[in-house]
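Below is one structure, written out as structure tokens; the observations come after it.
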Amino acid sequence: MADARAPVLAVEGLDVHYGRAHALQGVGFTLESGVYGVVGRNGMGKTTLCNAITGLVRASGHVRLLGREILGLAPHQITRRGIAYVPQGRRVWPSLSVEETLRLVARRRAEVERVWTLFPRLAERRHHGGAQLSGGEQQMLAIGRALLLEPRLLVMDEPTEGLAPMVVEQVVQALRDLAGDGEIAVLLIEQNLGVAIDVADRIGVMVNGRIAQEMPAATLAADRDLQERLLGVRASVDEEDIGADEPPPGGATVQVLTVRRAHGDDGPSLADLAPRSAP
């Protein structure tokens, strides 16, 4: 039986193997309420963490939702216990309209109206098929679909990936609204460091399948040395955009955050971990 006094989510000693590869190694953290963000480079195990919590991959250890063990349950059983998953890549049904998708999940018609309120753009596109939506609209639909399950915990994997800055802000505002009402806790997996810091209360930094460090989001936001040490984020001037001898337009400072993979400077960079700020 669920314990209202227990943390919404408690993960302890979580291990996942893909053959001989040890993808998650003793992962543990607690989400009491609000938003817990997990950040890290590509290949560190963030999506595997989501899949383990939602029952999509086999794992050992403990995952407790409101004090009840859910590890080992089938994905549909975990959903019924109160976890909804917004996966990376949205995965909306291309042949169903926005309204059909939502009504397929909603128990009552009034619940769909709540999604229209949260995302007015979806109300405007209610008769369009999933394949006709932009990336941002598909993400809104994926979030709305998950909310109609009335979860206690919303697991979101890269919700702002590939979205235009204006759409990112809309998604971020929706996350703020969800966290603000106190009814739903959010586990947010994000490559965009700026979004994670803006939305989350606490952040866990994942390195090589482990939560290497955990801290308040404000602490990570204020410490650029810590960002560089844990995430490989460094501030630099992007010489491809601005000549080495040219001042930034308008005299403003241009700040570019660059992420480099763990295997060295010769590997591909991941420039989208944190947003670029420019005049």
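The values are calculated or read from the model by the stated rules, or taken from the named source; none is laboratory data. Since the model is a prediction, treat every value here as computed from it, not as a measurement. Please note: Cβ atoms are built from the backbone with ideal geometry, for glycine as well, and neighbour counts cover all protein chains shown. Surface accessibility is based on the protein's heavy atoms, side chains included, excluding ligands, DNA and RNA. Shrake-Rupley method; radii C 1.70, N 1.55, O 1.52, S 1.80 Å.
Data table
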{"read-out": "Sole residue being over 21 Å from the mean Cα position of the chain (by Cα) and on the phi > 0 side of the Ramachandran plot, chosen from Gly55, Gly89, Gly72, Gly82", "value": "Gly72"}
{"read-out": "Qualifying residue in the stretch 184-196 (condition: out of contact with any Cys (no Cβ under 9 Å at 6 or more places or on another chain) and surrounded by fewer than 17 Cβ atoms within 10 Å (Cβ to Cβ))", "value": "no"}
{"read-out": "Subset of the stretch 137-158 (residues that are open to solvent by 10 Å² or more (accessible area, probe 1.4 Å) and within 11 Å of the chain's Cα centre (by Cα))", "value": "Glu158"}
{"read-out": "Residues satisfying the stated conditions in the stretch 177-206, i.e. within 13 Å of the chain's Cα centre (by Cα) and farther than 25 Å from Gly45 by Cβ", "value": "none"}
{"read-out": "Flag if Glu161 is over 22 Å from Glu183 (Cβ atoms) and under 15 Å from the mean Cα position of the chain (by Cα)", "value": "yes"}
{"read-out": "Residue match in the stretch 60-67 (condition: at pLDDT 95 or above and of a type in the set (Lys, Arg))", "value": "yes"}
{"read-out": "Exclusive hit being over 21 Å from Val11 (Cβ atoms), open to solvent by less than 60 Å² (accessible area, probe 1.4 Å) and touching a Pro at 6+ places or on another chain (Cβ under 8 Å), set Val171, Val167", "value": "Val171"}
{"read-out": "Total residues in the stretch 186-218, condition more than 26 Å from Met166 (Cα to Cα) and polar (S, T, N, Q)", "value": "2"}
{"read-out": "Among the residues listed as Ala146, Ala131, the single one being farther than 24 Å from Asp181 by Cβ and either out of contact with any helix residue (DSSP H, G or I) (no Cβ under 8 Å at 6 or more places or on another chain) or not in a helix (DSSP H, G or I) (or both)", "value": "Ala131"}
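The rows are residues; the columns are (1) in contact with a strand residue (DSSP E or B) (Cβ under 8 Å, 6 or more places away or on another chain); (2) over 25 Å from Val172 (Cα atoms).
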{"site": "Arg64", "(1), (2)": "yes, yes"}
{"site": "Glu69", "(1), (2)": "yes, yes"}
{"site": "Leu104", "(1), (2)": "no, yes"}
{"site": "Arg126", "(1), (2)": "yes, no"}
